[in-house]
Structures are given as structure tokens and as C-alpha cells.
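Contents: one structure, followed by commentary.
The values are calculated or read from the model by the stated rules, or taken from the named source; none is laboratory data. Quick caveat: nothing in here was measured; it's all calculated off a predicted structure. Note that we place each Cβ from the backbone using ideal geometry, even for glycine, and neighbour counts take in every protein chain shown. Surface areas here come from the heavy atoms of the whole protein model, side chains and all, with no ligands, DNA or RNA. Shrake-Rupley method; radii C 1.70, N 1.55, O 1.52, S 1.80 Å.
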Amino acid sequence: MSSANRVRLIVAAAAVAAAGIVVGVVYATRQDPPQPRAQCPRTAKPLIVPGAPTEHVDQVRAAFARRARERAHTLELLAQRAPDDPVVQFNYATALFCAGYTADADQAYRTAKRAGRDTLYEIQADVILHPQFFKGGYPPFQSSSTDPLLVRGAILQRQGHQHSAERAFARAARLHPGSDEAQVAAAVARFDMDDLSASFSRLGPLVRRFPRSQSVRFHLGLLLAWTGQGDRAVTQFRLARSLGPKTSLGKQAATLLGGLVTHGTNSTPR
């Protein structure tokens with residue numbers, strides 16, 4: 001297994017541990033000897049996000065009451081019957097990983113990301129699949145604006161509804177083309193670890209369009225730090241701080257800047 005895949009497994013282990021599962025990193029796959037062995041205790045719990053669109057919570061919970069290999073097999077059958085259910089697909093991927101089927105788990109998390117569109121399952125699957133980036137989800141749009149669309153978008157984003165937030169922010173950007181915050185929000189909400197250009201291609205040009213915007217500089221720094229580009233993030237956070245050290249964004253920039261300097265520019269936001 002490549003070093004990149006080993007790192008991915010470490011991050012996946014951290015993610016399922018957060019859901020109450022204690023796992024170890026294994027290097028066996030379903031195809032390669034030695035045969036996989038269970039890594040999760042029988043008391044392992046599935047990740048159930050309140051309000052997620054599913055009719056299979058009880059079946060998922062019942063599957064996790066089984067031994068690791070049986071759990072994976074049970075959820076495989078359920079995943080085939082419910083291909084669009086994010087709860088089933090994500091927990092099936094986790095069951096595969098815990099049972100030692102690491103290569104299959106990787107593909108299953110990709111399926112979970114698609115099935116979990118506009119839910120926290122999409123975001124969590126994306127994080128597991130991209131261990132080189134920040135592990136805390138997606139970068140949030142930060143603003144003290146009272147604009148109803150920006151406020152609604154920020155709430156939706158915190159709830160894990162990234163695409164719904166994107167639509168609210170995009171509408172705000174259309175209605176207020178001269179607002180730097182509306183344009184920044186629309187760019188940040190397009191963040192996707194599989195396609196970084198979706199956000200950066202929109203956010204980068206705003207530097208020229210709004211050269212004195214603290215929001216542009218702060219969020220550009222945030223996305224750079226989020227994706228492991230610490231050296232460039234430091235530059236943007238310093239510029240954001242200089243544009244208003246006593247504002248909310250200025251103080252946040254100073255805090256993040258301090259973290260990057262203390263822990264090294266190759267670190268991600270803490």
C-alpha cells in the first residue's frame with residue numbers, strides 16, 4: 001500500500017473514533033493476504049446525524065451490534081438496496097474499514113460522499129478521503145453581516161448543508177454585485193476537496209476587485225491554510241490583520257496566524 005493510502009487510513013481511523021469507534025490501522029485488503037481481521041469492538045456505534053434523510057437507522061444500528069465481518073456483510077446487502085441513503089452508505093464504508101477491507105472502504109466513502117450530498121455525511125466522507133487537508137470539515141464563511149441571505153447561508157453551512165448554503169450565498173452575490181462579503185461567501189461555499197479550483201478560481205480574482213477587503217484576504221488565507229498552504233496563508237492573514245486588527249476578522253486572523261507560526265506553516269487551522 002502506498003504511503004498516501006496509509007495516511008488516509010490514519011485519518012479514517014480518527015474519524016470513526018470520533019463516532020465512538022476504536023480502530024487500528026490495518027494494511028490487509030479483501031484481495032491480499034493475510035485475510036482481514038476485525039479492528040472494532042462489538043460495542044462500536046454507527047455515525048447517525050440527526051435529521052439525515054434515511055429510513056434505515058434501525059437496520060444500521062442493528063448491523064453494528066454484530067461482529068465486524070458480519071456487520072460489513074449485513075450493511076453491504078443494505079447498501080445495495082439503498083444506494084442513495086447517506087446513513088447506510090457512510091456506515092457501510094466505516095464497517096468495511098473496521099473489518100479490514102481498506103481498499104473497498106475507500107471506494108465506499110466516495111459513494112457515501114455522493115449519496116450524502118448537502119449533508120454532513122458528504123463533508124465527513126470528503127475529509128476522510130483527503131487526509132492532507134484540515135480534518136475539521138469545510139471552511140466556514142465568517143461575517144457579522146445582518147443580510148438575511150448571508151445569515152441564512154451561514155446557518156445552513158454550520159448545519160452541514162453546503163450546497164443549500166451555496167445557493168443562498170450565490171443569490172446574495174447576484175443581488176449585491178458590489179458587496180465584497182457576498183462575493184466572498186459565494187466563493188467559499190463552493191469548496192470541495194475534490195475540486196479546489198471551484199473556490200479558489202472565484203476567490204482569487206476578488207483580490208484585484210476588492211483590494212482593501214479584509215473579508216477577501218481573511219477567507220483566502222483560511223482556504224490556503226485549510227488546504228495545507230501555510231506559507232501563503234500567513235501572507236493573507238497578515239494582510240487581513242493589517243486592514244483592521246480590532247475587528248472580528250482581524251482578531252481571528254491574528255489567532256490563526258499565531259497558530260501557523262507556532263506549529264509551522266505546514267500545519268492546518270487549530
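Suppose R0 equals 35 Å. What FRET efficiency, 1/(1 + (r/R0)^6) with r the Cβ-Cβ distance, do ARG238 and LYS45 give to the nearest 0.05?
Working: r = 43 Å, r/R0 = 1.23.
After rounding, the FRET efficiency stands at 0.20.
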Original post:
Near LYS135, which lysines are there with a Cα under 27 Å away, not counting those fewer than 8 places off in the same chain?
Top reply: LYS45, LYS113, LYS251
**OP:** Can you pull the one-decimal nm distance between simple spin-label points at ASP194 and HIS176, each 7 Å off the Cα toward Cβ?
**Re:** 3.2
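Which value, in Å², gives the accessible area per residue of the range 146-267 when a 1.4 Å probe is used on the protein heavy atoms?
I get 48 Å² per residue for this part.
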**OP:** Summarise the accessible area of the range 129-229 (1.4 Å probe, protein heavy atoms) by the percent that is carbon and sulfur.
**Re:** 50
Original post:
Pulled fully out, how much extra length does the chain show between GLU76 and ARG114, if you take 0.36 nm times their separation in residues and subtract their Cα-Cα distance?
Top reply: 12.0 nm
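Summing +1 for each Lys or Arg and -1 for each Asp or Glu, what net charge is found among the other residues whose Cβ lies under 12 Å from the Cβ of THR119? Mind showing how you got there, number by number?
On the way: positive: LYS113, ARG114, ARG117; negative: ASP84, ASP85, ASP118, GLU122, ASP126.
Around THR119, the charge tally is -2.
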Subject >> At most 15 other Cβ within 10 Å, DSSP loop - trypsin sites (Lys or Arg not before Pro), the range 163-229 >> reply: ARG212
Subject >> Net lengthening on full extension, THR255/VAL151 (0.36 nm per residue, minus Cα-Cα) >> reply: 35.1 nm
Subject >> Surface accessible to a 1.4 Å probe, HIS73 within the full protein complex, Å² >> reply: 100
**OP:** List, in order, the whole-Hz ³J(HN,Hα) value for each residue of the range 171-182 obtained from phi through the Karplus relation with A = 6.51, B = -1.76, C = 1.60 and θ = phi - 60°; use x for Gly and Pro.
**Re:** 5, 4, 5, 5, 6, 10, x, x, 8, 5, 5, 5
Original post:
Which of the chymotrypsin sites (Phe, Trp or Tyr not before Pro) found in the range 53-96 are loop residues per DSSP with 11 or fewer other Cβ atoms within 10 Å of their Cβ?
Top reply: none
